[in-house]
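Just below is one structure, and these are the notes that go with it.
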Amino acid sequence: MVATSSPALLRRWIGLNLRQLREEAGKERSEVMQRLGLSCAQVGHLETAERLPSKPVLEILLDFYGKPDRLPDFLRIVEAARKGKNWWDKLSGAVPSWFDLFLGLEAGATEVFSFDAYVVPGLLQTPAYAEAVIRADPELTDEQVQQRVELRLGRQNILDRTEEPVRLWAIIDESVLHRPRGNTEVMAEQLDHLIKLGERPRIDLQILPLNAGAHLAQSGGFQILKFPGEMTGDPGIVYLEGLVEGRYYEKPDEVALYERAMTRLRVQAANQEDSQAMLRRAAQEVHK
């Protein structure tokens, strides 16, 4: 049974396990539709956890799949998912509906792989740098900016949580180190912060040199989230963020493509020791 306080990840576990149990039992969705008296879409919503199953539905499904003994576990997780609270609920004005899912999955992730070509990744930003990046949108009020900064800093708690801090592999394009965000003090602080983070045991930070040549992620940055071992059969998700919405890829072949891109980027990027040297040189230039 998965142990997490993230309602989004609990929902993912429920949907994933209901689908796996159906497939292991050799049942088609059409058979489940007939047994429950639901439409194909409604059954699909159960297996993606867009809709949480009630106790009667779980009793029927688990019996149909030959796993009635799993009922207590499912009931506990469904209840936890239903009652769970997200730390960012108080910042709802700063969270677009399409980003809420990402926040929930990121909060429950055990591994994060990221490539950023334009800015320092949000998990590694200082408050001042984050504010400078967010203020690029002139339509935001001061209150909205501060809420978004608070949201970004709150996400960083996964790096320091008591139980199983996330393992982060971050690759940053070298151009990001020289692209001003805010004034020189903001950039100097951010670069010094990256140097310190790069020394932490659960953070692998690499810089992709300008002369690295072509690579599979030339269209822009992305993140890959991996989940606890209890999420058997879950390939993880890939997240890409745009101006209008975020895009999620979670089919195994889609995730595998981005994993291949990440592996290639790690080979092309400077190793951690050389990356630290690049960060120190960039910081020295800013401090002049």
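Going through segment 23-35 one residue at a time, which ones are assigned to a loop (DSSP other than H, G, I, E, B) and open to solvent by 70 Å² or more (accessible area, probe 1.4 Å)? Break it down stepwise before answering.
Taking segment 23-35 and keeping what is assigned to a loop (DSSP other than H, G, I, E, B), we get 25-28.
If the condition is that a residue be assigned to a loop (DSSP other than H, G, I, E, B) and open to solvent by 70 Å² or more (accessible area, probe 1.4 Å), then Glu28 is the only one that fits.
Answer with yes or no whether Val145 is more than 17 Å from the chain's Cα centre (by Cα) and touching a residue at least 40 places away in the same chain (Cβ under 8 Å).
Numbers: more than 17 Å from the chain's Cα centre (by Cα): yes; touching a residue at least 40 places away in the same chain (Cβ under 8 Å): no.
The answer is no for Val145.
Return the residue satisfying two criteria in turn: it lies in segment 220-249 and is touching an Asp or Glu at 6+ places or on another chain (Cβ under 8 Å) and among the small types (Gly, Ala, Ser), and of such residues it is nearest to Gly122 (Cα to Cα).
So, considering only residues that are touching an Asp or Glu at 6+ places or on another chain (Cβ under 8 Å) and among the small types (Gly, Ala, Ser), the one nearest to Gly122 (Cα to Cα) is Gly221.
Against the definition (open to solvent by less than 70 Å² (accessible area, probe 1.4 Å), without any contact (Cβ under 8 Å) to a residue 40 or more places away in the chain and among the acidic types (Asp, Glu)), how does Glu59 come out, yes or no?
On the way: open to solvent by less than 70 Å² (accessible area, probe 1.4 Å): no; without any contact (Cβ under 8 Å) to a residue 40 or more places away in the chain: yes; among the acidic types (Asp, Glu): yes.
So Glu59 does not fit the description; no.
Could you say which residue among Ala107, Ala80 is over 30 Å from Cys40 (Cβ atoms) and assigned to a helix (DSSP H, G or I)?
Working: Ala80 fails: over 30 Å from Cys40 (Cβ atoms).
Just one listed residue meets the conditions, Ala107.
Just for segment 257-268: of the residues that are of a type in the set (A, V, I, L, M, F, W, C) and open to solvent by less than 50 Å² (accessible area, probe 1.4 Å), which one is farthest from Ile172 (Cα to Cα)? Break it down into steps so the answer makes sense when it comes.
First, pick out the residues of segment 257-268 that are of a type in the set (A, V, I, L, M, F, W, C): 257, 261-262, 265, 267.
Right, trim to open to solvent by less than 50 Å² (accessible area, probe 1.4 Å) and you get 261-262, 265.
On the way: Ala261: 14, Met262: 12, Leu265: 10 Å.
For segment 257-268, the residue satisfying everything is Ala261.
For Val120, all conditions in the list (1) within 19 Å of Leu205 (Cα to Cα); (2) of a type outside the set (S, T, N, Q); (3) part of a loop (DSSP other than H, G, I, E, B); (4) open to solvent by 10 Å² or more (accessible area, probe 1.4 Å) hold save one; what is the number of the exception?
So Val120 meets the others, but not (4).
In the set Leu16, Leu52, Leu38, which member is within 30 Å of the chain's Cα centre (by Cα) and either at positive phi or in a loop (DSSP other than H, G, I, E, B) (or both)?
Details: Leu16 fails: either at positive phi or in a loop (DSSP other than H, G, I, E, B) (or both); Leu38 fails: within 30 Å of the chain's Cα centre (by Cα).
From the options Leu16, Leu52, Leu38, the qualifying one is Leu52.
Which of (1) open to solvent by less than 60 Å² (accessible area, probe 1.4 Å); (2) more than 24 Å from Arg161 (Cβ to Cβ) does His287 not meet, given it meets every other one?
With (1) open to solvent by less than 60 Å² (accessible area, probe 1.4 Å); (2) more than 24 Å from Arg161 (Cβ to Cβ) applied to His287, the lone miss is (1).
Which residues, counting only those in segment 83-98, are within 18 Å of Tyr239 (Cβ to Cβ), in a helix (DSSP H, G or I) and open to solvent by 20 Å² or more (accessible area, probe 1.4 Å)?
Let us first name the residues in segment 83-98 that are within 18 Å of Tyr239 (Cβ to Cβ), namely 86, 88, 94-98.
Applying the additional criterion that residues be in a helix (DSSP H, G or I) yields 88, 94, 97-98.
Listed by number, the residues that qualify are Ser97, Trp98.
Exactly one condition in (1) touching a Ser or Thr at 6+ places or on another chain (Cβ under 8 Å); (2) closer than 25 Å to Gly15 by Cβ; (3) modelled with pLDDT under 95 is false for Arg167; which is it?
Here Arg167 meets the rest and fails (3).
The values are calculated or read from the model by the stated rules, or taken from the named source; none is laboratory data. Nothing here was measured: the structure is a model prediction, and the numbers come from that model. Ideal geometry is used to build each Cβ from the backbone, glycine not excepted, and the neighbour counts take in all protein chains shown. Ligands, DNA and RNA are stripped out before the accessible areas are found, and what is left, the full protein with its side chains, is counted by its heavy atoms. Shrake-Rupley method; radii C 1.70, N 1.55, O 1.52, S 1.80 Å.
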